[in-house]
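Participant: Got a structure for you, written out below as structure tokens; questions coming shortly.
Values quoted throughout were computed directly from the atomic coordinates according to the rules given, and no laboratory measurement underlies them. If you're wondering where the values come from, they're calculated on a predicted model, not measured in any experiment. Don't worry about glycine lacking a Cβ; one is built from the backbone with ideal geometry, like all the others, and counts go over all protein chains shown.
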Amino acid sequence: MKADLSQALRDLRKSRGISQKFIAQQAGVSPGAISHIERGESNPTVENLQRILTALGCDWLDLACALGHEGKLESTRELLEERFGVPVGDSAEAISANLRSRVKRATDNAARTIAKALHEAADSVAEGIAEDAAERQAGDGRQ
């Protein structure tokens, strides 16, 4: 049984003829992160692993098969619980729902972080414009 996540992800990617750069772009991570994961130097979060699988056109069952679990639901449950700490229910639907929920939370958190940064940038630009206008107006009044 192949139990190496890094090798399984590399094999899935190569079997589809997809570059690390493409996977990184689609998954929203750096190409270096994909390289580190495929070399076994780091482990992806559950959320990033879901994004990588989506970019590969795979699902959790495909990953379980690539890891040598033969697609058996019980083996998939064990893999998710032991390797990734994902609590799962009694059905494939419960597993899928749990993982979708984790990905949604991660996506929502990322969206909030981006929105906050954009608001801060917009406020900073607006302040700069107001300061420039005030300086021009003050300069016009001195002439």
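Participant: Which of the peptides 52-61, 11-20, 130-139, 24-33 is most tightly packed, and how do the rest follow, judged by the mean count of other Cβ atoms within 10 Å per residue? Don't skip to the end; give the middle numbers.
Facilitator: On the way: 52-61: 18.0, 11-20: 14.2, 130-139: 9.7, 24-33: 16.0.
Ranking, from highest mean packing down: 52-61, 24-33, 11-20, 130-139.
Participant: Also, quick follow-up: Rounded to the nearest 0.05, what FRET efficiency is calculated for A111 and D59 with R0 set to 30 Å and r the Cβ-Cβ distance?
Facilitator: 0.80
Participant: Please give me the summed charge of the neighbours of A33: other residues whose Cβ is under 15 Å from its Cβ, Lys and Arg +1, Asp and Glu -1.
Facilitator: +2
Participant: Could you check the simple spin-label distance between S30 and V125, using points 7 Å along Cα→Cβ, in nm with one decimal?
Facilitator: 2.6
Participant: Next question, about the same structure. With θ set to phi - 60°, apply the Karplus curve 6.51 cos²θ - 1.76 cosθ + 1.60 along segment 115-126 and write out the HN-Hα couplings as whole Hz, x wherever there is a Gly or Pro.
Facilitator: Listing the rounded values in order: 4, 4, 5, 5, 4, 5, 5, 4, 4, 5, 5, 4 Hz.
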